[in-house]
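A.B. asks: Right, I'll just put the structure down here and ask away after.
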Amino acid sequence: MTPRSARTALAAVVFAVLLAQVLLYPGIDTLVTALGADTTLDASMWFLAAEFGAFVLFAGLWGAASDAAGRRVPFIVTGALAGAAGYALLAGLPQVFDLPFLAILGLRTLQGAATIGAFSLSITMLMDLDGGHGRNMGAAGIAIGGGTALGAPLGGQLYELDPFAPLVAASALLVVVGLLASRVTDRAPDEHRGRLAAVRETIRETPAILVPCAFGFVDRLTAGFFALVGTLYFRDVFELSPGATGLMLALFFAPFALFQYPFGVLSDRIGRTIPVLAGSALYGIVVIGVGFAPTVALAGAAMVAVGVIGALMAPATMALVTDLAADDRRGVAMAAFNAVGSLGFLAGVLVGGTVADEFGFFAAFLTVGGMEVVVATLAIPAFLRLDIPSVEKRVDS
């Protein structure tokens, strides 16, 4: 398989994994009720938190195991098929047995632990390709954005059919992921490390990796916030149905998908500094703007702005990880980035959900948008001190 066809296949894998994940978001309150939860906000928060907590715990293990074996494909296939089984069990078991919600959260955790392997290592395989890190991460970014853009409205329509329909569709998608990934040529570096402590060692040897991780954290924090609080905000304040809520979320995800690849290529040409820093300066402000928009139309316009600015930042941030990591540490470097990003998503769910529950939606938007601005601002001096490879070196790679 040529690098170009491999890039396309791997982008399709990333797309399908994110599509499966986001199918659940537009009617998350409906789903947790069908799964036996007594409350919608708290139960939705912990249902999302269980998956992303597993992402945080297991992303590094998948990356380290892959680097140690010098292989990616078998791990992606295993993670995808195990994740498919997890989604299927979530859809099927509660309809046969009267499971406590704590058991549901346990299944959700196992599903997340498997799914992160397929997601993180697919992006790592894109990092292994030649052709420009910004180009490769732009492909990952447009796949992520495309999966989330389609997943939101499609998931909303599936909820109109049955609350368990998104789980069934997610399981089927991950089976397709496993089959597609099995056809991709492995290009993992021959030299690798054989220790599961590789993530910690990579951070110790290349502490500059923490800078894109910090930006990844705050970016994913807002994604987690919108997955829970944004969804319930549109459902409650504007009284939107799951289908209409999915369309509202798509106003963010569609431009986020559309502009990922061109902005990734742009970052190869002009460098990472402008896309990351300029985007971070605006991102938190427009997030706050969504919560203070008085009408659905203005809230939708703000969601579009969030998507465009997010697309400017995301591929440049992921490409920066590739710029800074050694060739034989790309797996653990991207695993660290995804783990920190998943921690950010988890923080967005927990912080946003807690503040919304205690103080209301407006306070939650202000808190999370303010966190984005503060953390990004604090990270700027460290970013400017990075020894980032030149534009010519990135393009030649």
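The values are calculated or read from the model by the stated rules, or taken from the named source; none is laboratory data. For clarity, every value in this text was computed on a predicted model and none was experimentally measured. A quick note on method: Cβ atoms are made from the backbone with ideal geometry, for glycine too, and the neighbour counts reach across all protein chains shown. Heavy atoms of the whole protein, side chains included, go into the accessibility calculation; ligands, DNA and RNA do not. Shrake-Rupley method; radii C 1.70, N 1.55, O 1.52, S 1.80 Å.
A.B. asks: Determine the distance separating the Cα centre of segment 213-253 from the Cα centre of segment 63-128; give it in Å without decimals.
C.D. replies: 23 Å
A.B. asks: For VAL176, VAL13, give the ranking by accessible area with the largest first, probe 1.4 Å.
C.D. replies: From most exposed to least exposed: VAL176, VAL13.
A.B. asks: Which value, in Å², gives the accessible area per residue of the chain when a 1.4 Å probe is used on the protein heavy atoms?
C.D. replies: Details: 14510 Å² over 397 residues.
Using a 1.4 Å probe on heavy atoms only, each residue of the chain averages 37 Å².
A.B. asks: With θ taken as phi - 60° and the coefficients 6.51, -1.76 and 1.60, list the Karplus ³J(HN,Hα) couplings across segment 302-319 in order, rounded to whole Hz; mark glycine and proline as x.
C.D. replies: 5, 5, 4, 4, 4, x, 5, 5, x, 5, 5, 7, 4, x, 5, 5, 5, 5
A.B. asks: Ignoring solvent entirely, what values of log10 I(q)/I(0) come out of the Debye formula for segment 1-106 at 0.13, 0.18, 0.23, 0.24 Å⁻¹ when each Cα is a single scatterer?
C.D. replies: Listed by q, the Debye log ratios stand at -0.61, -1.00, -1.36, -1.42.
A.B. asks: So, one more: Mind ranking LEU48, LEU384 by accessible surface for me, highest first, 1.4 Å probe? Please report the intermediate quantities before stating the final value.
C.D. replies: Details: LEU48 0, LEU384 110 Å².
Ranked from most to least accessible, the order is LEU384, LEU48.
A.B. asks: What is the Cα radius of gyration of segment 274-330 over 2.2 N^0.38 Å, N being its residue count?
C.D. replies: Scaled against compact globular proteins, the figure is 1.47.
A.B. asks: Multiply the residue separation of VAL96 and LEU57 by 0.36 nm, subtract the distance between their alpha-carbon atoms, and state the gained length in nm to one decimal.
C.D. replies: Numbers: separation 39, 0.36 × 39 = 14.04 nm, distance 3.01 nm.
The VAL96-LEU57 span can extend by a further 11.0 nm.
A.B. asks: Label points 7 Å out from Cα along the Cβ direction at SER241 and ILE285: separation in nm?
C.D. replies: Reported label-point gap for SER241 and ILE285 is 3.8 nm.
A.B. asks: Report, to the nearest whole %, how much of the accessible area of segment 264-367 belongs to carbon and sulfur atoms, 1.4 Å probe, protein only.
C.D. replies: Looking at segment 264-367 in its full context, I get 75 percent from C and S.
A.B. asks: Mind checking which of ALA69, GLY86, GLY106 is farthest towards the positive end of the chain's charge dipole, using Cβ charges of +1 (Lys, Arg) and -1 (Asp, Glu) about the Cα centre?
C.D. replies: Selected residue: ALA69.
A.B. asks: Another one. Treating the beta-carbon of each Lys and Arg as +1 and of each Asp and Glu as -1, no other charges, what is the dipole magnitude of the chain about its Cα centre, to the nearest 20 debye? Spell out each step's value before the answer.
C.D. replies: On the way: 21 positive and 28 negative charges, 188 e Å.
Its charge dipole is roughly 900 debye.
A.B. asks: Another question, then. Need one word for segment 77-116: rounded, prolate or oblate. Basis is the Cα gyration tensor (sqrt eigenvalues a ≥ b ≥ c); a/c below 1.5 gives rounded, then a/b vs b/c decides.
C.D. replies: Here segment 77-116 falls in the oblate category.
A.B. asks: Please list VAL237, VAL168 in order of solvent-accessible area, largest first, computed with a 1.4 Å probe with all protein chains present.
C.D. replies: Ranking VAL237, VAL168 by accessible area, largest first, yields VAL168, VAL237.
A.B. asks: Counting only helical runs of four or more DSSP H residues, what would the 222 nm mean residue ellipticity of the chain come to if each run contributes -39,500 (n - 2.57) and the total is spread over all its residues?
C.D. replies: Working: 17 runs with 321 residues, N = 397.
After summing the helix terms and dividing by the residues of the chain, the value is -27500 deg cm²/dmol.
A.B. asks: Which whole-Hz couplings ³J(HN,Hα) result when phi for each residue of segment 258-268 is put into the Karplus expression 6.51 cos²θ - 1.76 cosθ + 1.60, θ = phi - 60°, listed in order with x for Gly and Pro?
C.D. replies: 4, 9, 4, 5, x, 5, x, 5, 4, 5, 5
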